[in-house]
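Okay, so here's the structure we're looking at.
Just so you know, all these numbers are worked out from the coordinates, no wet-lab data involved. Note that the coordinates shown come from a computational prediction; the quantities given were computed from them, not determined experimentally. Reconstructed Cβ throughout: ideal geometry from the backbone, glycine too, with neighbour counts over all protein chains shown.
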Amino acid sequence: MRDINELRAAIKSAVDAEKEQLIEIGRHIWKNPEPGYREVKTSKYLVEKLKALGLQVKENLALTGFRADIDTGKPGPTLAIMGELDSLIIPTHPEADKETGAIHACGHNSSATAIIGTAIGLLKSGVLNDMSGKIALIATPAEEGIELEYRLVLIREGKIGSIAGKPQLIREGVFDDVDLAYMTHLTSGNFGFNDHNGSIQKIVTFKGKSCHAASPQNGINAQNAVCLAQNAIAFMREKYSNSDKIRIHGIISYCGNSSNVIPDEARMEYMLRAPSIPELVALGKRFDNAVTHASLAAECTCTIDTISGYMPLFDNMKLGQVLKDTVEYLKPGAPFNFNNSFFSSCTDMGDVASIVPGVHGYCPGYSGASHSASMHITDEYSSYVTMSMLNAELCLNLLYGDAATAKEIATDRKGLLSIPEYIKLIDQFDGSITSEYKE
C-alpha cells in the first residue's frame, strides 16, 4: 500500500489537470439555473459527464436526482458525497434567467460541479487500489424551500413525499446502504462546518367573498385576513425575543387580481425555523393559533397546510475533524470554523445527518450576500476546483487502506434514527387544518 501523502498529491494533481473543464462546468450550470424538482437540463448535463468517465448512473431519483457509485472492489463502508442541483428564484439578480428569474445565488452550481470533480479526482489519480469501500456520488434536487404550492401539487399527485430533495431520496431508498455522508457548500467565509436549524413550512389559504370594491360591505375581504395574520405573527415574535435561533418569515403568494374587486382568496407561504423538534412543534402550534384567530376576526375561512421541511443539522464531530485535517493539507494555515457558531438557516443535509453520521462543510468562493441579488462567484478556482479536491481528498482520508477511519465514524450512531423512525418523525408534521367562519 502506497503512502497516503503520495495518493493525496495524485488526487490534487488529477483535479488540477482538469481545472479548465471544471470551471466551464460551473459556469454552464450558473448560466442555466433551474429551481427544485425542475433541474432536468442540469441533471442530464451532469449525467453525461459522469458517463463519459465510465460510470453507470441511476437516474430520475427524486424526479431529477441521480446516483453513481465508485467501488474500490474491496469491502468497506459506503460514503455518500453529495452535490445540490437547484437554484433560487431572484428576478432582480442581474444574471437571473430572463424568463424564470432563476439564479444560483446560493452557489449550488459549485457543489454540483464538484460531483464531477470528485469523480475525476478518484478515477484519474489511481488511488482506488489503496482504498476500501464505496463512494456514492449523489446529486440532490430541491434543497431550497421555495415554490411550495408547486411542490404541494407534486405531493398530492403522488410524485414526491417531501418538498426537499434529500428527504425524498431517503424515502426512495437511495441512502439505504449509506454508512456516512458528506457534502461541501459554497461560502463567502471560511472553510468549516456548522450546525443548523430545522424547519417546517406553512401554506395558508384564506377564503372570503368577492364583490365590487365600491361596495365592500357586500363582501368578505381575504386581504384583511392576511393583514391581521401578519400582525399577529409579528406580535408572536415577542415570545422568542430571547432566542437567537427561532426564525419566522414568509411571503404573500396571492392576494387577488384587481384593485376594484374585493379579493375572495389570499395565500401566504411561511417558513418556521427552530433548533430542535420540540421547539418546531411548539412554534407550529403557536403559528396556527395566531393565523386561525386572525382569520376568524376577518370573518374568513382559513386552511393551513403544514409540510415537513428540514431536520435540524447536528454535524458529526469526528467527521468534522477529518474535514479539518483535509483542509489543512490543501490549504495549510487556512482559517477553519470548527462548528463554533450556530447557523439559523436550514439545510436538508440535516435529514441525512439524522440517519447516518454526516457533515455539511463549507468552502470559500463567492462574495455578496447569499440568497440576494448581490451574490456573485468571485473565485472560480476555489468554487469548482478546490471544492472538488476537498471532496476527493476527504474520500481518501476516510477510506484509505481498510477504511478504518470511516468504519469508526460509521459506528458512531448516538442520537441517530433508523430510516423508518426518521420517516415516521417527519410525517408527523404533515397535515391540514381548516378553521371555518360561521356567522
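Once Rh for the chain is found with the Kirkwood sum over Cα pairs, what is the Stokes-Einstein diffusion coefficient at 25 °C and 0.890 mPa s, in µm²/s?
It comes out at roughly 108 µm²/s.
If each residue's Cβ is checked for other Cβ atoms within 10 Å, how do SER215, SER388 rank with the fewest at the top? Numbers along the way, then the final one.
Values: SER215 9, SER388 33.
Exposure proxy ranking, most exposed first: SER215, SER388.
Please give, to one decimal in nm, the separation of the simple spin-label points placed at ALA369 and LYS285, each 7 Å out from Cα toward the Cβ.
3.5 nm
If the reach is capped at under 20 angstrom between alpha carbons, list the lysines near LYS166, excluding any in the same chain fewer than eight residues apart.
The qualifying lysines are LYS41, LYS44, LYS58, LYS134, LYS202, LYS424.
Sketch the reach of a paramagnetic label on HIS376 as a point 7 Å from Cα along Cα-to-Cβ, and name the residues of segment 99-136 whose backbone nitrogen lies under 18 Å away.
103-110
Roughly how large, in nm² to one decimal, is the mean projection of the convex hull of the alpha-carbon atoms in segment 326-375? Spell out each step's value before the answer.
Values: hull surface 19.3 nm².
Orientation-averaged projected area of the Cα hull: 4.8 nm².
Write down Rg/Rh for segment 29-159, rounded to two decimals, with Rg from the C-alpha atoms and Rh from the Kirkwood relation over Cα pairs. Each step should come with its number before you reach the end.
Details: Rg = 16.2 Å, Rh = 15.6 Å.
Here the Rg-to-Rh quotient is 1.03.
Pull up the cross-link candidates among the aspartates and glutamates for LYS31, meaning alpha carbon to alpha carbon under 17 Å and not fewer than 8 places away within one chain.
GLU20, GLU39, GLU84, ASP86, GLU95, ASP97, GLU99, ASP379, GLU380
How much length is gained if the chain between ASP176 and GLN21 is pulled fully straight, taking 0.36 nm per residue apart and subtracting their Cα-Cα distance, in nm to one decimal?
Details: separation 155, 0.36 × 155 = 55.80 nm, distance 3.26 nm.
Taking 0.36 nm per residue and subtracting the Cα distance, the gain is 52.5 nm.
Which of PHE235, PHE191 comes first, and how do the rest follow, when ranked by fewest Cβ neighbours within 10 Å?
On the way: PHE235 10, PHE191 25.
In increasing order of surrounding Cβ atoms, one gets PHE235, PHE191.
Once label points are set 7 Å from the Cα along Cα→Cβ at both SER253 and SER345, what is their separation, rounded to one decimal in nm?
Result: 2.2 nm between the two label points.
For segment 10-106, which GluC sites (Glu not before Pro) are both in a DSSP coil and crowded by at most 11 other Cβ atoms within 10 Å? Could the numbers behind the result be given before it?
Numbers: sites: GLU18, GLU20, GLU24, GLU39, GLU48, GLU59, GLU84, GLU95, GLU99; in loops: GLU18, GLU39, GLU95, GLU99.
Loop-located and lightly packed - GLU99.
For segment 280-439, with equal point scatterers placed on the C-alpha atoms only and solvent neglected, what are the log10 I(q)/I(0) values from the Debye formula at q = 0.16 1/Å, to two decimals?
After summing over all Cα pairs, the log10 values are -1.04.
Subtracting the Cα-Cα distance from 0.36 nm times the residue separation, let me have the gained length for LYS159 to ASP244 in nm, one decimal. If you can, show how the numbers build up before the last one.
Values: separation 85, 0.36 × 85 = 30.60 nm, distance 3.65 nm.
Value of the extension gain: 27.0 nm.
If you count the DSSP beta bridges with both ends in the chain, what percent of them are antiparallel, to the nearest 5? Could the numbers behind the result be given before it?
Numbers: 50 of 74 bridges.
Once the DSSP bridges in the chain are tallied, antiparallel ones form about 70 percent.
Taking a point 7 angstrom from the Cα of ASP3 along the C-beta vector, which residues in segment 126-144 have backbone N less than 19 Å away?
It comes to 126-131, nothing else.
Ignoring everything except DSSP H segments at least 4 long, calculate the 222 nm mean residue ellipticity for the chain; use -39,500 (n - 2.57) per segment, divide by total residues, nearest 500. Could the numbers behind the result be given before it?
On the way: 13 runs with 155 residues, N = 439.
Taken over the chain, the calculation gives -11000 deg cm²/dmol.
In nanometres, what is the gap between the two model label sites at CYS227 and GLU48, each 7 Å from Cα along Cα-to-Cβ?
Rounded to a tenth, the inter-label distance reads 5.3 nm.
For LYS318, give me every one of the lysines with a C-alpha distance below 17 angstrom, ignoring sequence neighbours fewer than eight places off in its own chain.
LYS407, LYS414
Report the full-extension gain for the segment ASN218 to THR411: residue separation times 0.36 nm, less the Cα-Cα distance, to one decimal in nm. Write out the running numbers ahead of the final one.
Details: separation 193, 0.36 × 193 = 69.48 nm, distance 6.62 nm.
Extending this stretch completely gives an extra 62.9 nm.
Based on other C-beta atoms within 10 Å, arrange CYS363, CYS255 from fewest to most. List each step's numbers first, then the result.
On the way: CYS363 29, CYS255 15.
Going from least to most buried by this count: CYS255, CYS363.
To the nearest Å, what is the center-to-center distance of segment 135-202 and segment 342-401, using C-alpha atoms only?
Going from one Cα centre to the other spans 14 Å.
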